[in-house]
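Written out below as structure tokens is the structure these notes cover.
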Amino acid sequence: MFRSLNYTFFIVFMLFCLGAEAQSNLIWYEKPAFNWNEALPIGNGRLAAMVFGGVSQEVLQLNEETVWAGEPGNNVTSNGFREALPEIRKLIFEGKYKEAQDAAFRVVPPKTSNSNNGMPYQPVGNLLIAFPGHEQYTSYRRELDISKAISSTTYKVNGTTFRRETFVSFTDQLIIVRLTADKPGSISCSLTMNSPQKIHEVAVVNSELVLKGVSGNADSKTGKVSFQARMHPVVKGGQVTSADSTVRIEQANEAIIYVSMATNFVNYHDLSGDEEARALKYLDQPERKSFDKLRAAHIEHYRRYFDRVVLDLGSSGANRSTDVMLKEFKNKPDPALVSLYFQFGRYLLISSSQPGSQTANLQGKWNDKVNPPWGSKYTININTEMNYWPSEVTNLSEMGEPLFAMLKDLEVSGKESARTMYNARGWNAHHNTDLWRITGPVDGAFYGLWPMGGAWLSQHLWQHYLYTGDKEFLKENYYILKGAALFLSDVLQHEPTHNWLVVVPSMSPENAHMTDVSIAGGTTMDTQLTNDVFSNFIAASAILSLDRELSDSIQAKQRELMPMHIGKWGQLQEWLQDWDKSDDHHRHVSHLYGLYPSNQISPYRNAALFAAARTSLEHRGDRSTGWSMGWKVNLWARLLDGDRAYSLIRDQLTYAGDGAEQGGGTYLNLLDAHPPFQIDGNFGCTSGIAEMLMQSHDGAVHLLPALPVDWKNGKITGLRARGGFTLDITWKAGKLSEVKIKSALGGVCRLRTYEVVNDKLLKAASGRNPNEFFATPAGNDPVVADGVSPTATTTRTVYEYDLATKPGQEYVIKMK
């Protein structure tokens, strides 16, 4: 009897745990979406939809990733820039910045009638499903299960329970909607489609709704992306009829709606595809499989990625809808919402960036406007890079493949801008690109004359190697790293005062150092990026035994780079000159790139720079645009200040309202508010939470480096560290309790902790980490302003241990 009671208790307990885990991965509401910022995003990398969950009318807003305005073609024009370059550089070195910017504007003007400032990402249209007689309803609930990538809506009308389940199949490339009810013959609805595109038509062909259209014109470009969306209904019981541009389902027991979308896009310079044949091909398969098989295959594919990481920060225990949790979070923070937000970021990355798809853009793949804010394109002076910050550390390495593919395209188109504008070898891109892989300046000289976009994007190739140790990948992409290094090697100039090598002309992204003037030479971020590009190339050259002579010449130039500077109020200078204003709250914190995502500023190797970076970040302030606050979460984590990082998360998880124009915050559907919506804030916070719990950039795997006081107990499984290690970390009462380490590559795993660890598997570390994946830059002595005495920021005592590992083996370290 006692054993039976124990067994019963165990079963009840396990069911409770499973229910709690399922609940923790649910985003749910008790009313339909009022607007787009309340609708729920679903996607499979190529296709995307926003599900509103309406009752009398459901709306699915549809996107296909290659529907962009315009047509193939780069935006690089000589326009006299190369000829003007020596004069612009001369004016900058003479301190005549206004004159230099005026000269730059003459050859890189703001938007004109014949300019190409990048094409916008555009929507396909909407699928509308009307349910007559469903205006009065009860027991409503809509949800997004991010553990399965499925959205559902349930409600009752006149005693009948209706259920609607929607997902974008990863395996069958369709949007699938199933309509069911608990009484037979209850499914009756009408379906129509529309589009905001100027050129489109809707018709019924063989009981299928067919939406045909062409993408829009923008700037000097004619829209030439032809697209087609087809809606195919299948019913059990009842019948399907059609008239004009409407399909009706009447008295069915069940209805399954398949939506296929395709375009004529082949690649960034080829639009020869047959969108109709492609759309029809996708619809060929589903009726050969049952809905259950389609659903199961979709879930299996998705969970291969999503289930790799689990985060448990505890919970308040209250079963509240997501909108209520968000609105109460500022005053009643529930750690369960932080865990959900972290996993939602991973869900968004899986859903917007699959191998073989296009790179996730400024809104992932979700956009309802033909002229969205900032074109919903690729802003590569922070935002696109930020989209992929979670990919390696949160165990979604494959999601980076679309970015790597885009880099291969940009290496080709970027040779044109490097040669035409700078008379340089290699390749480059400026601060924006799009589906057509433009690499020239966008939005005129004030914002666009920043030649470092390609340099920053190339970091993701090197980081992928550090996490995976994949030498074949490194060899395949080596030429991209080499081309980025060649470009910078050619454009660097000796500034006249100290003879340091600097990038000129350039800017510190989107910030001005004097009224309406951004142009400069020798910005801190440019030097940090150049240092990384050179270091990556030198290391890759050595690993692959290639280009020894070129590597030696790059090393020689690296030694001549401008050092970082600590300015008159103890800050890390943003520019070569001490221009920083202590009350500057600009959203970009570009000069802190060396702290994150780079590893050039460390409390253990260059404490003065570490303190100066903290001073700069403190003066910049916390509240800002959503993506900026996401970046700052990572920066405060790197500064080992978990409470300050958590404060930024709490600011970010502030309800943004119905489009209220306030800085940052989060919409009810948990999408980031710039405002308006930009997805990089979601991704930034996800990577920031990971950085708070584990870091592997600074010569060791640092366990719980920035754990806030409020996260007393918790566990995270599946985080990835550089060197091919996967870690499960458990903590209790704010202290490390256990770490499980799985080694893919073997070699030494150096652990850094705040606690003494006594375990026979470990030995005290000494000297430099012998694992090549943990190499760190040499110490960089900063230049310090006169009268300033740099002081180190106080950090906690750390202990370091080495664990010898073998490939494929797992090790468990317990605190005693």
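The values are calculated or read from the model by the stated rules, or taken from the named source; none is laboratory data. All of these numbers come straight from a predicted model, not from anything done at the bench. For neighbour counting, all protein chains shown are included, and Cβ atoms are generated from backbone atoms with ideal geometry for every residue, glycine included. For the accessible areas, the whole protein counts, side chains as well, though only heavy atoms, and no ligand, DNA or RNA atoms are used. Shrake-Rupley method; radii C 1.70, N 1.55, O 1.52, S 1.80 Å.
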To the nearest Å², the heavy-atom accessible area per residue of the chain with 1.4 Å probe amounts to 36 Å²
Segment 693-723 and segment 502-519 have their Cα centres apart by a whole-number Å value of 36 Å
The ³J(HN,Hα) series, computed from each phi in segment 507-520 with the Karplus coefficients 6.51, -1.76 and 1.60 at θ = phi - 60°, rounded to the nearest Hz and given as x for glycine or proline, is 6, 9, x, 6, 10, 10, 9, 8, 3, 6, 10, 10, 5, 7
The rounded separation in angstrom of the Cα centers of segment 612-645 and segment 81-158 is 25 Å
To the nearest 20 debye, the chain has a Cα-centred charge dipole, built from +1 on Lys and Arg Cβ and -1 on Asp and Glu Cβ, of 1800 debye
Projecting the Cα atoms of 361, 180, 285 onto the charge dipole of the chain, where Lys and Arg contribute +1 and Asp and Glu -1 at Cβ, the residue farthest towards the positive end is 180
Quick tally, 1.4 Å probe accessible area for 498, 565, sorted with the most first, runs 498, 565
Asserting the computed 222 nm helical MRE of the chain (DSSP H runs at least 4 long, -39500 (n - 2.57) per run, divided by residue count, to nearest 500) equals -10000 deg cm²/dmol
Between the Cα axis of helix 642-652 and the main Cα principal axis of the chain, the angle (0 to 90°, nearest 10) is 50 degrees
Measuring from its Cα centre, segment 249-399 shows a charge dipole (+1 at each Lys and Arg Cβ, -1 at each Asp and Glu Cβ) which, in debye to the nearest 20, is 400 debye
Computed on Cα atoms only, the convex hull of segment 271-422 has an orientation-averaged projected area in nm² of 14.1 nm²
Excluding residues fewer than 8 positions from residue 289 in its own chain, the lysines with Cα under 23 Å of it are 148, 236, 281
By the C-alpha gyration tensor axes a ≥ b ≥ c (rounded if a/c is under 1.5, else prolate when a/b exceeds b/c, else oblate), the shape of segment 184-259 is prolate
Under the 7 Å Cα-to-Cβ spin-label approximation, residue 96 and residue 250 lie apart by a distance in nanometres of 8.1 nm
Given 362-368, 296-302, the highest-first ranking by average Cβ count within 10 Å works out to 362-368, 296-302
Length gained if residue 369 through residue 810 is fully extended, taking 0.36 nm per residue and subtracting the Cα-Cα distance, is 153.9 nm
With all protein chains present, segment 187-302 has a carbon and sulfur share of its accessible area (1.4 Å probe) in percent of 43 percent
Looks like segment 704-793, by Cα gyration tensor root eigenvalues a ≥ b ≥ c and the a/c under 1.5 rounded cutoff (else prolate when a/b is bigger than b/c, oblate otherwise), is oblate
Along the dipole axis of segment 158-314 (charges at Cβ: +1 for Lys and Arg, -1 for Asp and Glu; origin at the Cα centre), the most positive-end residue among 211, 242, 298 is 298
Pairs over 29 Å Cα to Cα, from 330/814; 90/557; 377/482; 111/224; 327/365; 31/183, come to 330/814
The ³J(HN,Hα) series, computed from each phi in segment 375-389 with the Karplus coefficients 6.51, -1.76 and 1.60 at θ = phi - 60°, rounded to the nearest Hz and given as x for glycine or proline, is x, 6, 9, 10, 8, 9, 9, 4, 5, 5, 4, 4, 3, 9, 4
In degrees rounded to 10, the 0-90 angle between helix 97-107 Cα long axis and the longest Cα principal axis of the chain is 50 degrees
Gyration tensor on Cα atoms of segment 338-420, a ≥ b ≥ c root eigenvalues, a/c under 1.5 rounded, else prolate if a/b beats b/c, else oblate, says oblate
Probe 1.4 Å, all chains present, heavy atoms only: residue 547 accessible area in Å², nearest 10, is 60 Å²
Taking protein heavy atoms only, a 1.4 Å probe, and rounding to whole percent, the accessible area of segment 477-636 owed to carbon and sulfur comes out at 48 percent
Among beta bridges assigned by DSSP with both residues in the chain, the antiparallel ones amount in percent, to the nearest 5, to 95 percent
Checked against the structure, the computed Rg/Rh (Cα atoms, Kirkwood Rh) among (1) 1.43; (2) 1.11; (3) 0.98 is the one labelled (3)
At q = 0.16, 0.19 1/Å the base-10 log of I(q)/I(0) from the Debye formula over the alpha-carbon atoms of segment 393-442 is -0.49, -0.62
Computed over the chain: longest principal axis from alpha-carbon atoms vs helix 680-693 long axis, angle to nearest 10 degrees, is 70 degrees
Segment 408-426 and segment 340-368 have their Cα centres apart by a whole-number Å value of 29 Å
Rounded to the nearest 10 Å², the 1.4 Å probe accessible area of residue 674 is 20 Å²
